[in-house]
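Visitor: Have a look at the structure that comes next, please.
The values are calculated or read from the model by the stated rules, or taken from the named source; none is laboratory data. Given the structure is predicted, the values throughout are model-derived calculations rather than measurements. As a convention, Cβ positions derive from the backbone with ideal geometry for all residues, glycine included, and neighbour counts pool all protein chains shown. In case anyone asks, the SASA skips ligands and DNA or RNA and just uses the protein heavy atoms, side chains included. Shrake-Rupley method; radii C 1.70, N 1.55, O 1.52, S 1.80 Å.
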Amino acid sequence: MPADDSTAGPRRSAGLAPRGGRTPRPRGGAPRRPAPGGTSRPPRGGAPRRLYERARRAWDRPLTAYYVIIGSALLITVLGLVMVYSASMIKALSLSLPSTYFFRKQFLAACIGTVLLVIAARTPSRLHRALAYPLLLVTVFLMVLVQVPGIGQSVGGNQNWLSLGGPFQLQPSEFGKLALILWGADLLARKQEKRLLNQWKHILVPLVPVGFTLLGLIMLGGDMGTSIILTAILFGLLWLAGAPTRLFVGVLGIAGLVGFMLIRTSQNRMSRLFCVGAEDLGPQGQCWQAVHGLYALASGGWFGSGLGASVEKWGQLPESHTDFIFAIAGEELGLAGTLSVLGLFAALGYAGIRVAGRTEDHFVRYAAGGVTTWIMAQAMVNIGAVLGLLPIAGVPLPLFSYGGSALLPTMFAIGLLIAFAREEPAAKAALAMRRPGVRWKSMRRRVTERPSGER
């Protein structure tokens, strides 16, 4: 006799209930309730949140630092060539030279620097380490040769130049920055491998004595600006090596005392110090350059007066195409142009820090950190002097100002950063996938491994 339907449980439609009589639930807990109106609820934050997550994922890709270094350095160099031509036209004509005289020399230096950049980017780290000691010895020899009477030449009151024949000159102290970075990175890496950097004497010796030797040779020529940058590089290497705070205080105290004595014994340096934040020319016009640099920036407005339309470069602003080219850029390109330059330097510095922070190679970390310290410190000193926030140190803006002796080692250093960015394991794998034939072979392998019934 069939059972009564009233006492039996509720009937279920055949084919709709899973085995075991349980209703299906999505994985991960309770089923998600649809939003009113039948539409799914958007993620929290909306479009700004999605844009932020997309930008963060793009920045975390293996090749981001590689492309940022190449792109920012290329843009700074090209914009620098344009501004060198614009800022140096009047200076060249006043010397009875063609208007493109300084631009052609800078363009030639940029071409040679590009070759050096490519060579440095294609050279493995072990060859860079082998280059460190010869480069240091050659640089020290040239810096000693500068001080020999009759061989070294004085420019702007500083005797730190060598004549190469004709209009070409060489400043060995600019190559001293690169030599100190490569040699110091190799020295600290070898000591790190032997686990000797936990002793303060191995951190200081012989890095600090060699650094002070280079500083002494530079100061014999009276170049205070290059000495400041070299000191910043030395401090950067010590910080990367894990020097204790008391060691920093001691070295910084000695450097500050020497710097104070050098400033006090020079009337020119004292006047530069008093011109920080100056708003008038001074009794004898000693703040002429600092004040006219501010005039150039102030007259640029938001978008500038246009390329070639600067007024200060007509003899009012000294060194308009070298140390104070940032002021001419502000006058002709305005606030938008100067912020673009600052943004490019910030991107370059952040990419260099990322390369130094993500590597497991000790030499790469020290060298990348030293190069980043060099470029960022020199940019800050130059731009700070133009803005009236720091004394005028007489250092060029990296990759931007006129000067082949400064451009060549800087572009080689950029090549070092590119080489280090390429040597990251994830970046190396990503670059290998982009070689000709690799993508096609991988796609063909995927096709052959598909099931027979799949299209």
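Visitor: Quick test for you: out of Gly315, Gly300, pick the one residue that is under 26 Å from Ser340 (Cβ atoms) and either surrounded by 15 or more Cβ atoms within 10 Å (Cβ to Cβ) or in contact with a helix residue (DSSP H, G or I) (Cβ under 8 Å, 6 or more places away or on another chain) (or both). Walk me through how you get there before you give the answer.
Guide: Working: Gly315 fails: under 26 Å from Ser340 (Cβ atoms).
Testing whether each residue is under 26 Å from Ser340 (Cβ atoms) and either surrounded by 15 or more Cβ atoms within 10 Å (Cβ to Cβ) or in contact with a helix residue (DSSP H, G or I) (Cβ under 8 Å, 6 or more places away or on another chain) (or both) leaves just Gly300.
Visitor: Please give the helices (runs of 4 or more DSSP H) falling wholly within segment 175-247 in which 3 or more residues are crowded, with 20+ Cβ neighbours inside 10 Å.
Guide: Numbers: elements: 200-204, 207-220, 224-240.
Correct list: 207-220, 224-240.
Visitor: Let me ask something else about it. If you go through segment 357-366 one residue at a time, how many are free of Cβ contacts under 8 Å to residues at least 24 places away in the same chain and assigned to a helix (DSSP H, G or I)?
Guide: Start the filter on segment 357-366 by keeping residues that are free of Cβ contacts under 8 Å to residues at least 24 places away in the same chain, which leaves 357, 360.
Next, from what is left, pick out any that are assigned to a helix (DSSP H, G or I): 357.
Counting residues in segment 357-366 that are free of Cβ contacts under 8 Å to residues at least 24 places away in the same chain and assigned to a helix (DSSP H, G or I) gives 1.
Visitor: Moving on to the next point. Has segment 72-83 got any residue that is touching a Pro at 6+ places or on another chain (Cβ under 6 Å) and either modelled with pLDDT under 95 or open to solvent by 40 Å² or more (accessible area, probe 1.4 Å) (or both)?
Guide: We begin by selecting, within segment 72-83, every residue touching a Pro at 6+ places or on another chain (Cβ under 6 Å); these are none.
The answer is no; no qualifying residue exists.
Visitor: Can you find, within segment 283-296, the residue that is least open to solvent (accessible area, probe 1.4 Å) among those that are free of Cβ contacts under 8 Å to residues at least 24 places away in the same chain and in contact with a Phe, Trp or Tyr (Cβ under 8 Å, 6 or more places away or on another chain)?
Guide: Top of the filtered list is Cys287.
Visitor: So which residues in segment 255-288 are closer than 30 Å to Gly216 by Cβ, in a helix (DSSP H, G or I) and out of contact with any helix residue (DSSP H, G or I) (no Cβ under 9 Å at 6 or more places or on another chain), if there are any at all?
Guide: Answer for segment 255-288, where residues must be closer than 30 Å to Gly216 by Cβ, in a helix (DSSP H, G or I) and out of contact with any helix residue (DSSP H, G or I) (no Cβ under 9 Å at 6 or more places or on another chain): Gly256, Leu257, Phe260, Met261, Gln267, Asn268, Ser271, Phe274.
Visitor: So which helices (runs of 4 or more DSSP H) stay within segment 367-449 end to end and still have 1 or more residues that are open to solvent by less than 40 Å² (accessible area, probe 1.4 Å), at pLDDT 95 or above and of a type in the set (Val, Ile, Thr)?
Guide: Details: elements: 404-422, 425-433, 438-448.
Once the helices (runs of 4 or more DSSP H) in segment 367-449 are filtered for at least 1 residues that are open to solvent by less than 40 Å² (accessible area, probe 1.4 Å), at pLDDT 95 or above and of a type in the set (Val, Ile, Thr), what remains is 404-422.
Visitor: Does Thr213 satisfy the condition of being polar (S, T, N, Q), over 27 Å from Leu317 (Cα atoms) and at pLDDT 90 or above?
Guide: On the way: polar (S, T, N, Q): yes; over 27 Å from Leu317 (Cα atoms): yes; at pLDDT 90 or above: yes.
Criteria met by Thr213.
Visitor: Now for a different question. Filter segment 318-354 down to the residues that are part of a loop (DSSP other than H, G, I, E, B) and either open to solvent by 50 Å² or more (accessible area, probe 1.4 Å) or polar (S, T, N, Q) (or both) and list them by number. Steps first, please.
Guide: Going through segment 318-354, the residues part of a loop (DSSP other than H, G, I, E, B) turn out to be 318-324.
Scanning segment 318-354 gives Pro318, Glu319, Ser320, Thr322.
Visitor: Additional query: Could you list, ordered by first residue, the pairs with Cβ atoms under 6 Å in which the first is in segment 132-156 and farther than 18 Å from Leu207 by Cα and the second is among the hydroxyl-bearing types (Ser, Thr, Tyr), at least 6 apart or interchain?
Guide: Listed by first residue and then by second, the contacts come to Gln153/Ser163.
Visitor: Residues that are farther than 20 Å from Gly176 by Cα and within 21 Å of the chain's Cα centre (by Cα): find the helices (runs of 4 or more DSSP H) completely inside segment 61-151 holding 1 or more of those.
Guide: Working: elements: 64-94, 101-122, 125-146.
Where helices (runs of 4 or more DSSP H) fall fully within segment 61-151 and carry at least 1 residues being farther than 20 Å from Gly176 by Cα and within 21 Å of the chain's Cα centre (by Cα), they are 64-94, 101-122.
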